[in-house]
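Undergrad: To start, I am sharing the structure in question, which I have written as structure tokens.
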């Protein structure tokens with residue numbers, strides 16, 4: 001990169017002479033840093049002090065101290081932040097677990113992650129889902145690297161920063177790998193690492209465009225161009241700044257005999273004027289221009305002429321961070337409180353729907369009530385209500401749809417308990433319906449509950465729009481039929497001789513997941529959402545259904561019959577392959593944890609409004625009944 005420099009005055013004094021400062025261009029704040037600082041300042045204006053910030057918003061103490069004077073409070077962990085407060089995540093990116101912890105505290109969460117870091121997160125997650133082992137070129141322990149590792153399960157990404165690091169990895173040459181790069185990594189070093197990776201592995205993919213931040217690249221090229229002409233290079237920045245330290249290394253590698261990192265004019269080397277005829281000055285992307293000005297003024301006072309060098313013009317601008325979460329009200333009340341209220345409302349809906357019309361068989365109605373009222377978690381009904389609320393649907397409509405799903409769910413349990421199926425004597429802590437009444441009544445009650453569920457969906461009271469009602473009926477029919485619950489039950493009763501993990505998940509996705517997916521889909525139908533929001537909700541539902549069934553399998557091994565309310569350890573006695581049988585208890589727990597993380601990831605775009613759904617995901621993976 002060629003560089004032309006023009007002499008300029010500084011302050012009121014015009015300086016000339018043989019000693020000079022070459023001022024690199026570009027330098028200092030990049031668009032991402034400015035965006036992050038603006039986010040904190042605007043949040044303070046909108047919400048008032050205090051606003052809490054997890055970790056340093058950018059790596060510069062002077063910037064942090066200035067924001068503290070304005071009312072920002074910097075913490076290391078979100079658990080230090082009062083519940084319901086405004087919290088901002090730093091530009092370096094945060095692990096998913098941090099967001100989950102913040103949402104659990106009902107924080108009004110604003111994520112100021114740099115869009116370029118977000119790009120790396122998306123790449124790493126996509127390659128993980130594609131089955132590739134990811135090599136992250138970066139510095140272990142750097143906040144950006146920590147945040148990137150936190151997007152995917154442990155062990156699927158290896159951090160490397162020297163070719164020798166590849167020797168420590170137990171990866172065969174034919175392993176499918178992908179590489180990503182820390183955005184503030186040195187360009188030349190990254191090129192060497194990429195060459196070493198492609199030389200070692202046969203199947204390698206990388207990002208379509210460089211992961212290294214444009215600002216990092218520009219600042220490294222700018223100092224690289226002038227460093228050979230300098231006796232000393234001064235990088236103005238903070239010692240905690242990775243890109244500042246890289247600039248020192250780049251200057252040294254480019255041929256400058258002495259390069260130093262200083263925070264401000266107060267740290268100017270005392271002997272600089274004694275031996276340096278030409279001093280190069282640049283600043284890290286997190287350094288305010290005022291710090292550079294101070295250094296230049298101090299050098300000018302020592303007799304140095306300041307020459308501003310030409311450089312790459314930076315026109316990058318990022319969209320401002322949305323501050324909408326600040327105004328969103330956190331959902332109040334615990335999950336159990338919400339479930340308790342919903343149970344009463346659902347019981348009322350079911351009691352009213354079953355009714356007591358003259359001419360109907362009283363025993364059949366009693367059996368239907370026995371199967372549906374006064375028991376059950378109402379998990380699926382709460383899902384409908386939570387999604388409908390998220391998408392702007394009406395609560396009374398959600399209650400009717402939730403009651404319809406409970407009819408179908410109750411029917412599936414009644415039939416599942418029959419002697420020709422699982423032959424259970426206990427359900428929800430009391431005798432199963434065929435033991436309380438008889439097998440014929442149980443079959444007929446189940447049939448009547450299916451009919452009642454569809455009747456409720458088709459009724460005008462559920463929704464005024466006949467197209468919505470028709471779509472609800474169609475979606476539920478598919479969830480119950482060959483591709484849903486019934487098909488899953490057949491797979492459970494008649495599994496392959498040697499079922500694989502894929503066979504198991506396909507069975508569980510239908511048997512348990514189908515109604516959970518319908519609950520989410522129905523809630524979305526009652527309101528309005530974009531195609532992207534609908535896709536995210538269905539992804540959430542898919543993972544939630546698997547989590548729910550895997551936890552059922554785990555409870556069959558570790559649960560207490562009195563708490564669970566049904567006979568346990570029957571799958572093993574019958575020789576059926578559950579998640580715990582195929583994966584082991586620890587493996588099943590790990591799989592459930594990964595699926596829970598996927599649930600939370602799918603809800604990221606909804607912010608605090610999706611807190612009820614996040615609560616349900618946490619409940620699904622940790623419940624004891």
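Undergrad: Rounded to the nearest 5, what is the percent of antiparallel bridges among the DSSP beta bridges in the chain?
TA: The antiparallel fraction comes to roughly 15 percent.
Undergrad: How high is the FRET efficiency between residue 18 and residue 267 when r is their beta carbon distance and R₀ equals 25 Å, given to the nearest 0.05?
TA: Rounded to the nearest 0.05, the efficiency is 0.50.
Undergrad: So how do 303-311, 541-549 stack up, highest first, on mean other-Cβ count within 10 Å?
TA: 541-549, 303-311
Undergrad: By the gyration tensor of its Cα atoms, with a ≥ b ≥ c the square roots of the eigenvalues, what is the shape of the range 427-516: rounded for a/c under 1.5, prolate for a/b over b/c, or oblate?
TA: Since a/c reaches 1.5 but b/c is at least a/b, the shape of the range 427-516 is classed as oblate.
Undergrad: With n ≥ 4 as the cut-off for DSSP H runs, can you work out [θ] at 222 nm for the chain, using -39500 (n - 2.57) per run divided by the number of residues, rounded to the nearest 500?
TA: Rounded to the nearest 500, it is -16500 deg cm²/dmol.
Undergrad: Between residue 493 and residue 231, what is the label-point separation in nm under the 7 Å Cα-to-beta-carbon projection?
TA: Simple spin-label model gives 9.2 nm for this pair.
Undergrad: Which part of the range 262-305 falls in the paramagnetic zone of residue 65, meaning amide N under 12 Å from the point 7 Å along Cα-to-beta-carbon?
TA: Correct set: 263-267.
Undergrad: Run the simple label-point estimate for residue 75 and residue 162 please: 7 Å along Cα→C-beta, distance reported in nm.
TA: According to this spin-label approximation, the distance is 3.9 nm.
Undergrad: Angle between the Cα long axis of helix 395-416 and the longest principal axis of the chain, 0 to 90 degrees, nearest 10?
TA: The helix 395-416 is inclined about 60 degrees to the chain.
Undergrad: Using the per-residue mean of other Cβ atoms lying within 10 Å as a proxy for protection, in what order, highest first, do the peptides 75-83, 96-104 fall?
TA: Ranked from most to least packed, the peptides come out as 96-104, 75-83.
Undergrad: Still on this model: For labels at residue 169 and residue 530 in the simple 7 Å Cα→Cβ model, what's the distance in nm?
TA: With each label placed 7 Å out from Cα toward Cβ, I get 3.5 nm.
Undergrad: Cα atoms only, the chain: Rg and Dmax in Å?
TA: Rg then Dmax for the chain, in Å: 31.1, 110.
Undergrad: Another question about this same structure. Nearest 10 degrees is fine. How inclined is helix 289-301 to the longest principal axis of the chain, computing both from alpha carbons?
TA: Tilt relative to the chain: about 10 degrees.
Undergrad: Here's another thing I want to ask about it. Classify the range 332-622 as rounded, prolate or oblate, taking a ≥ b ≥ c as the square roots of the eigenvalues of its Cα gyration tensor: rounded when a/c is under 1.5, otherwise prolate if a/b is larger than b/c and oblate if not.
TA: oblate
Undergrad: At a 10 angstrom cut-off on C-beta neighbours, averaged per residue, how do the peptides 527-535, 382-390, 245-253, 147-155 rank from highest to lowest?
TA: 382-390, 245-253, 147-155, 527-535
Undergrad: How far, in degrees from 0 to 90, does helix 187-200 lean away from the longest principal axis of the Cα atoms of the chain, to the nearest 10?
TA: That helix lies at roughly 50 degrees to the long axis.
A short reminder: the numbers here are calculations on the coordinates, not readings from a lab. Only a predicted model underlies this, so the values are computations on that prediction, with no experimental measurement involved. Here Cβ is always computed from backbone atoms with ideal geometry, including for glycine, and neighbour counts include all displayed protein chains.
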